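Just so it is clear, none of the values below were taken in a lab; they were calculated from the coordinates. The structure displayed is predicted, hence computed values, not measured ones. Backbone-built Cβ (ideal geometry, glycine too); neighbour counts: all protein chains shown.
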Amino acid sequence: MLKPRKRLTRKEIKRDRFIATVSKVLAFIQRNSKRFAIATAVVLVAVVAIMAVRQHRKAREVQSIEALGEAQTAKWAGKTEEALKLYQRVTQQFGGTRGAGEACVALGNLYFEKGDVKKAKAAFQEYLSRYNNDPILIYTAWSGIAACLEQEGDYLEAAQRYKSFADRHQNSPWAARALWDAARCFRLAGKLQEAKMALQEIIDFYPNSPLSYRAKSEEKMLE
């Protein structure tokens with residue numbers, strides 16, 4: 001006598017469904033093995049390419065720092081013209097690297113020392129436009145442009161440049177200094193009210209800055 005078929009449990013039903021799904025997947029892979037092989041090869045090529053690019057970038061970073069070191073050595077030795085050429089080579093051959101960014105700022109400083117404010121401004125602006133990724137260099141380039149404007153006698157534009165740095169980088173350790181320079185240039189431009197406002201910002205927002213006490217004294221002198 002035949003026994004009645006045993007009823008499957010939920011666990012057994014789920015297991016059977018899983019086995020059926022796996023079987024379908026395996027069958028699909030077997031039918032499309034060539035496609036999967038090609039896809040795998042493409043992925044491997046992409047991974048190798050990414051690794052190669054990263055390795056190349058690391059190598060360029062190292063080379064840029066080495067080239068930057070040569071330029072700095074020439075500068076410290078007092079060989080200004082040679083240093084200028086070496087810094088220019090770093091920016092041209094290793095664009096996009098940290099070394100090239102530092103070279104831009106170094107070029108700006110050298111041109112400023114030589115009195116070529118036009119080229120100095122261009123070098124500082126190149127750093128801000130293309131790199132702009134280091135707090136110290138950002139302030140150096142920003143204030144460098146303002147200093148160039150001072151040399152050109154455009155005190156109002158210089159003041160606004162200093163002020164804009166402080167406005168955009170309120171948490172910078174150089175924000176108070178930028179406001180101090182802004183106040184000085186506003187005063188030279190005959191904008192005494194704007195000078196007072198810049199000094200007041202130092203007092204209000206940077207009370208622990210060494211410039212805060214000086215700002216109070218300077219503000220009284222402008223009254």
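One table, with the values for the structure above:
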| quantity | calculated |
| --- | --- |
| Equivalent ellipsoid semi-axes, segment 64-152, via Cα gyration tensor eigenvalues times 5, rooted, Å | 19, 16, 10 |
| Calculated SAXS-style log₁₀ I(q)/I(0) at q = 0.11, 0.14, 0.23, 0.27 Å⁻¹ - segment 155-223, Debye, Cα scatterers | -0.20, -0.33, -0.88, -1.18 |
| Within segment 122-149, backbone nitrogen closer than 15 Å to the virtual label 7 Å beyond the Cα of residue 188 toward Cβ | 143-149 |
| When each of 85/121; 85/118; 118/191; 75/114; 114/191 is checked by Cα-Cα distance, pairs over 21 Å | 118/191; 114/191 |
| Alpha-carbon centroids, segment 186-223 and segment 87-118: separation in whole Å | 33 |
| Relative contact order, percent, segment 155-223 [alpha-carbon distance under 8 Å, six or more residues apart] | 27 |
